[in-house]
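Below you'll find the structure, written out as structure tokens, and then a few comments.
The values are calculated or read from the model by the stated rules, or taken from the named source; none is laboratory data. Quick caveat: nothing in here was measured; it's all calculated off a predicted structure. Neighbour counts are summed over all protein chains in view; Cβ atoms, including those assigned to glycine, are modelled from backbone coordinates with ideal geometry. Note: areas computed on protein heavy atoms with side chains; ligands, DNA, RNA excluded. Shrake-Rupley method; radii C 1.70, N 1.55, O 1.52, S 1.80 Å.
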Amino acid sequence: MNISSLNFTKMHGAGNDFVLFDNRTLKLTEQELAQLAPAICNRKFGVGSDGIIALQFDETKKADLVMLYKNPDGSDAGMCGNGARCFSAFAETLGSPKKFTFRVHNKVYKANVKDQSIVIEFPLETSVQELTVADEALLNVYTNTEHVVCTVQPNELENEQTLINQGRFLRNHPDFQPIGTNVNFISGTDNETLNLQTYERGVENLTLACGTGAIASALAWHHLQQAENGNFKYHVQVKGGTLMVHFSFNKRNESYTNIKLEGPATFVFEGQYYL
Ligand SMILES: N[C@@H](CCC[C@H](N)C(=O)O)C(=O)O
């Protein structure tokens, strides 16, 4: 890297926080981002965040922009939902229209930056699979990144050390190796509302919100009820706020489509990170 500092913007989406870079001029490579992530995300010696995000043009022209994402341990992830909302608001400040497309790996998402919230449309058709791991009933829901969902009692969501222990156990369980999984703990409050805590792979801890985890959890909660056909909007209450998950369900092939994640994206500060 031939530079001595990086300008960044710190943002969060319902408390899931990120450091964002305009990579159109920085031109950091994926490998450089992976190397930088642990130091930048470090909450004592760095800026502190649950991940880093770089914005650049899509040279393949499949989408308007590309979002590069790295977990704090430098690992890649298929997608980051809260990060995508922050990315979209960040893109608008850099001149992007309110509606645009962006690519993460080979998948193209649609962003809509509205006045009060940001909506991300996922290119995703998924289903909920029941599985048992270490005698525990889980639901496996791929949301362009790996997620399992466990139901717990409302009071169990407050026992964070137990959730961390259980999340770490499942995230590292041989059944999910080599890539591991994010682990979501949910407690439903009514048909279309649930509370969620997520143990995030790559952060290796609970975060205040996880967007792709909120989608996995909403679909899992729908599956555990009547799983009726229709179009739905679920409210997912996370520690850092509320996320909305829109989806359609088709009972005939058990598939979830038209998946959208809606929620806030907040600018916190701008800074210069010294290399
Ligand atoms: N916080 C994210 C998910 C980030 C990626 C995750 N840690 C993984 O490794 O899959 C979200 O909001 O979706």
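Numbers at a glance
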{"item": "Accessible surface of the range 128-263 [probe 1.4 Å, protein heavy atoms]: carbon and sulfur percent", "result": "45 percent"}
{"item": "More than 21 angstrom apart: percent of Cα pairs within the range 159-275", "result": "46 percent"}
{"item": "Helix 30-41 axis, angle to the chain major axis (alpha carbon atoms, nearest 10°)", "result": "80 degrees"}
{"item": "Rg/Rh (Cα only; Kirkwood hydrodynamic radius) as it applies to the range 169-228", "result": "1.02"}
{"item": "Per DSSP, loop GluC sites (Glu not before Pro) in the range 111-143 with at most 15 further Cβ within 10 Å", "result": "125"}
{"item": "Length-normalised contact order of the chain in % [C-alpha pairs under 8 Å, at least 6 apart]", "result": "22 percent"}
{"item": "Spin-label zone in the range 103-142 - amide nitrogen under 18 Å from a point set 7 Å from the Cα of residue 177 along the C-beta vector", "result": "133-135"}
{"item": "Unsatisfied cross-links (Cα-Cα over 32 Å) in the set 10/61; 61/251; 62/239; 114/239; 27/233; 98/251", "result": "61/251; 62/239; 27/233; 98/251"}
{"item": "Computed E for residue 42/residue 105 - FRET, C-beta separation, R0 25 angstrom, nearest 0.05", "result": "0.45"}
{"item": "Separation of alpha-carbon centers, the range 64-98 and the range 220-234, rounded to whole Å", "result": "28 Å"}
{"item": "Where Rh is the Kirkwood radius over Cα pairs, Rg/Rh for the chain", "result": "0.96"}
{"item": "Whole-Å distance, taken between Cα centres, linking the range 185-203 and the range 102-141", "result": "14 Å"}
{"item": "Degrees separating the helix 211-224 axis from the principal Cα axis of the chain, which is the longest one", "result": "10 degrees"}
{"item": "Computed accessible area, residue 27, all protein chains, 1.4 angstrom probe, square angstrom", "result": "130 Å²"}
{"item": "Rounded to whole Å, sorted largest first: equivalent-ellipsoid semi-axes of the range 23-77, Cα gyration tensor", "result": "23, 10, 9"}
{"item": "Computed [θ] at 222 nm, helices only, for the chain once each DSSP H run of length n ≥ 4 contributes -39500 (n - 2.57)", "result": "-6000 deg cm²/dmol"}
{"item": "With Cα atoms, 0 to 90° folded angle of helix 81-93 axis to the chain main axis", "result": "40 degrees"}
{"item": "Å² of accessible area per residue within the range 128-263, as computed with a 1.4 Å probe and no ligands counted", "result": "43 Å²"}
